Every structure is written in structure tokens, then in C-alpha cells.
1. When residue 241 is evaluated against the numbered criteria (1) within 11 Å of the ligand (Cβ to nearest atom); (2) over 17 Å from the mean Cα position of the chain (by Cα), which criterion, by number, is the only one it fails?
2. Do you know which of the residues in segment 202-216 that are within 25 Å of the chain's Cα centre (by Cα) and farther than 22 Å from residue 161 by Cα is nearest to the ligand (Cβ to nearest atom)?
3. Condition first: more than 13 Å from the ligand (Cβ to nearest atom), within 23 Å of residue 253 (Cα to Cα) and out of contact with any strand residue (DSSP E or B) (no Cβ under 7 Å at 6 or more places or on another chain). Can you find one or more residues in segment 144-158 that meet it?
4. Just for helices (runs of 4 or more DSSP H) wholly inside segment 47-155: which have at least 3 residues that are farther than 26 Å from residue 30 by Cα?
5. Looking at segment 134-156 only, could you name the residues that are more than 24 Å from residue 176 (Cα to Cα) and either surrounded by fewer than 22 Cβ atoms within 10 Å (Cβ to Cβ) or within 12 Å of the chain's Cα centre (by Cα) (or both)?
6. Given (1) under 27 Å from residue 71 (Cα atoms); (2) in contact (Cβ under 8 Å) with a residue 60 or more places away in the chain; (3) crowded, with 16+ Cβ neighbours inside 10 Å, where does residue 245 come up short, assuming only one miss?
7. Out of 226, 221, 189, I need the residue that is surrounded by fewer than 19 Cβ atoms within 10 Å (Cβ to Cβ) and under 20 Å from residue 260 (Cβ atoms). Which one?
8. Is it the case that some residue within segment 208-216 is surrounded by fewer than 20 Cβ atoms within 10 Å (Cβ to Cβ) and free of Cβ contacts under 8 Å to residues at least 24 places away in the same chain?
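What follows draws every value from the coordinates through simple rules; no lab data is involved. These numbers were taken from a predicted model, which means no experiment stands behind them. Heads up, the Cβs are rebuilt from the backbone with ideal geometry, glycines too, and the neighbour counts pull from every protein chain shown.
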Ligand SMILES: C[S@@+](CC[C@H](N)C(=O)[O-])C[C@H]1O[C@@H](n2cnc3c(N)ncnc32)[C@H](O)[C@@H]1O
């Protein structure tokens, strides 16, 4: 699955100046496309405006739109504005930090459109909290484990923290994730000190000795852009977290990002939170962060410091 620039003539009769078209390709078929215009306007505080965004009906409601949109945000890499019809709830876009900026306009068909904007200010979410927590504590030369490698972005982040004098081990149960992570490590030049292996975090204790690991990261859920039925599951992740706690050295740290949007995630949250919250306070400090005034199921970041064995 990948996002790629496309020729505008294939989709639009006419496009405004400085606009680009991107498509979402899955198994060599295009399943979505979008049109964005670079408006270069610093006063408007947005460099791009998204003018059209579509995912084929057959792939709607399965997370592909979310994946496409995330990739697009990454590709555009700057402030972005979108126009949505007024009756439409900004729910989808609100999840990515878009808010109305008060501007409205009339579309050619008479429909009233409202402008939503997303500034490039760093968003606070489960992942940013986990990353900030780890950034403050993981030193060059550390030995760290990414227990859910996925597409390798967290692994690459950990590599930046440990540097080449450290060691990073990434584990994922899906070969697709291991391949993606290995490719990213190679691309970034981290392969000499970081490695991705296909294994379950249920077997974490086979990869390190107790008390030797500086940090462990769990980013639960499903593989972004992968098979959504393969979700982390509490009957595996809970004992895996127990094992990871045992592997941490005193002073070591762990983060767990709990995604709880669907039934599987809800079950995992209900099993993990009581366990994490009941950890012995003499041995661990556990921070659980919520976003009580946000709507929707915001992933929950849990940050743990181990005091002694
Ligand atoms: C939300 S993704 C991780 C995202 C990733 N850290 C990244 O930066 O792209 C969750 C990952 O956990 C993996 N996973 C599920 N069960 C697992 C298990 N028992 N052991 C290891 N990984 C597992 C999934 O295959 C999926 O790739």
C-alpha cells in the first residue's frame, strides 16, 4: 500500500494552479485519490488546501481513508486547510487536529462549505506523549526494545535516541511488518545496531536477560495499512508487558499506547489498565494520561518507570 503522485488529467477536467493529485495504491490498484492546492499564503497560515479527497466505496469504512489521509499529512508536511460541507460533522478531520477557522464559501452547486485548518503545532496524543517521555530518558548507548514494530517508525525513533552505540531490537508477529521495519532501518542507515525479528512479544524473555533493558515500547493495535483483523490481544499483551517489566533494569522505562476504538481494543484496554494501575508503587511509577474533553476514542498513553527489581 502506498501513496503516489498522479497526473491530474486522469481524474479532473480542470485543476487550479499549483495543485497536485495523489493516489492510494493497494495491490497495484488505485483505491483512492485526492487533489490539493499549494496556496503559499503565510497570512492564511496554511500552505496547502485539500480540495478533494476520495476513497472508492468498496474500501470505505475499513481504515483505508485514515491511512491515506495520514500519509497525505506526512507527504504535505505543512499546515493544511480543508473545505467541508457545513452539515458534515468535522469528526474525521477533528481526529487529526483540524478546527474551523471561521471562513465559509459557496461551492459551485450552492452548497455552503466551511474551512477547517490544522496548524503545524505539534499535536499532543498518545504517541507524542510516549515519544516525549522516552526522549527525556533514553540515552545514547541504551539497549531498547520495540515490542510492536509495525512499519518501523517507532523503531527508527528509538534508533535516533540510542544512536549507533546502542542496540535496538524490534519485534513483530507479522512478516510484512518485519520487512517494512527492516527496509526503513536500512534506508536510515541504522541496520548495524538495530534489527527487526518476526516473533511474538509473548516470547520477549527469549531476547534479553532480566534487568538488562533500558526501555521497552508497546504501541498496540493493528499494523497501519495492514490487516485490521490482526490486532494485539490482551491475553498475549498483558503477560508480554509483565515479561517486559521484568527485563527492565532499575531506572528503566516503558511506554504502552493503548488503542481502544473497536471491540478488540476495548477489551484490551479493560484488561491492561487495571493491571498497570495495580503495579506496586514501591517498584514502579505508572502514569496514565487521558483526554477527557476530546470526543472519540483517543489512544491512551501509559508511561512507566521501574524503580527496583
Ligand atoms: C499499531 S502497530 C505498531 C506501530 C509501529 N510501532 C509503527 O511505528 O509503525 C501494532 C503492531 O503490533 C503487532 N503485533 C500484534 N500482535 C503481536 C504480538 N503478539 N507480538 C508482536 N507484535 C504483535 C502487529 O502486527 C502490528 O504491526
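1. Unmet condition: (1).
2. Residue satisfying both the conditions and the ranking: 202.
3. Of all residues in segment 144-158, those more than 13 Å from the ligand (Cβ to nearest atom) come to none.
No, that holds for no residue.
4. 126-135
5. Listed by number, the residues that qualify are 135, 136, 137, 139, 140, 141, 143.
6. (1)
7. After applying the criteria, what remains is 226.
8. Scanning segment 208-216 turns up no residue that is surrounded by fewer than 20 Cβ atoms within 10 Å (Cβ to Cβ) and free of Cβ contacts under 8 Å to residues at least 24 places away in the same chain.
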